[in-house]
Amino acid sequence: LEQMRTSPYIFLHDYPIHPGRAVCSPVFGRQYYGRRNEIAQLLEVPTRLETIRESKLYQREPIRTEAFFVSGKGGSGKSHLVNKCGDFLSTQGWLVVGEKFERGHQHNSQDIVCSLFEKIVKKLVKLKAGSQQDSEYSQLAAKTLSDSLGAARLCALVEYLPSIRDLITEAEFDATQANSIESNLSHWKLVSLLTCFINALLKLDRPMILILDDLQW
């Protein structure tokens, strides 16, 4: 409450200006209030990347990826801000997936990242039953992953991303190759496989945003 009194600008409120005085009016509900500058900053990045993707430059340049960090005081609405922007971009055709670190838990960063990638696969599986465009994208994603990673590497990833079996049919897994890559991958081998995984999806005609929330924990 003291922060709201002394630094109201850090919270998600609009401040209607009345003659001779400024009134703080916190409004909670479905409408998202305030943070115009921050929203513009966040959306500037995907807007720029989308412009490049739609231009002729996209055919000549490598895949563009950028990292964006949002910081601020606890409880000021950082997660809400990012999630609202993510919800909007989802309606614009972006594939938006997020994972969250929880306060007070001992985290294994590998588990969190694998959970994030598992959510990507689950979203691709869900798109199978969506519109014709979504279904075609899901099928193309499955084929691209299968072609880019190969059966052996896909079999190795299934241990970490089990929903791969729901995305790619069993027929595309060659059981004879399953043992060609050890099941307990080293950290760097797993990083390499996940990098190949995400690079394969980024080649498709749908941009993507990955969100790691509360990274400080």
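What to note about this one:
- Summed over the range 75-119, residues that are in contact with a strand residue (DSSP E or B) (Cβ under 9 Å, 6 or more places away or on another chain) and loosely packed, with under 13 Cβ neighbours inside 10 Å total 1.
- Residues of the range 132-168 that are open to solvent by less than 70 Å² (accessible area, probe 1.4 Å) and more than 16 Å from Leu204 (Cβ to Cβ): Gly150, Ala151, Ala152, Leu154, Cys155, Ala156, Leu157, Val158, Tyr160, Leu161, Ser163, Ile164.
- Restricting the range 174-204 to residues that are part of a loop (DSSP other than H, G, I, E, B) and at pLDDT 75 or above, the residue that is most open to solvent (accessible area, probe 1.4 Å): Lys203
- Checked against (1) modelled with pLDDT under 85; (2) surrounded by 14 or more Cβ atoms within 10 Å (Cβ to Cβ), Pro207 passes all but a single condition, namely (1).
- In the range 48-73, the residues that are among the polar types (S, T, N, Q) form Cβ pairs under 8 Å with partners that are modelled with pLDDT of 70 or more and assigned to a helix (DSSP H, G or I), at six or more places apart or across chains, as follows: Thr65/Leu202; Ser71/Lys78.
- First in the range 81-97 and at negative phi, second anywhere and among the hydroxyl-bearing types (Ser, Thr, Tyr), Cβ under 8 Å, 6 or more apart: Lys84/Tyr32; Val96/Ser90
- Residues satisfying the stated conditions in the range 129-142, i.e. without any contact (Cβ under 8 Å) to a residue 24 or more places away in the chain and either of a type in the set (A, V, I, L, M, F, W, C) or outside any helix (DSSP H, G or I) (or both): Ala129, Gly130, Ser131
The values are calculated or read from the model by the stated rules, or taken from the named source; none is laboratory data. From a predicted model like this one, the values you see are computed outputs, not experimental measurements. Heads up, the Cβs are rebuilt from the backbone with ideal geometry, glycines too, and the neighbour counts pull from every protein chain shown. Ligands, DNA and RNA are excluded from the accessible area calculation, which covers all protein heavy atoms including side chains. Shrake-Rupley method; radii C 1.70, N 1.55, O 1.52, S 1.80 Å.
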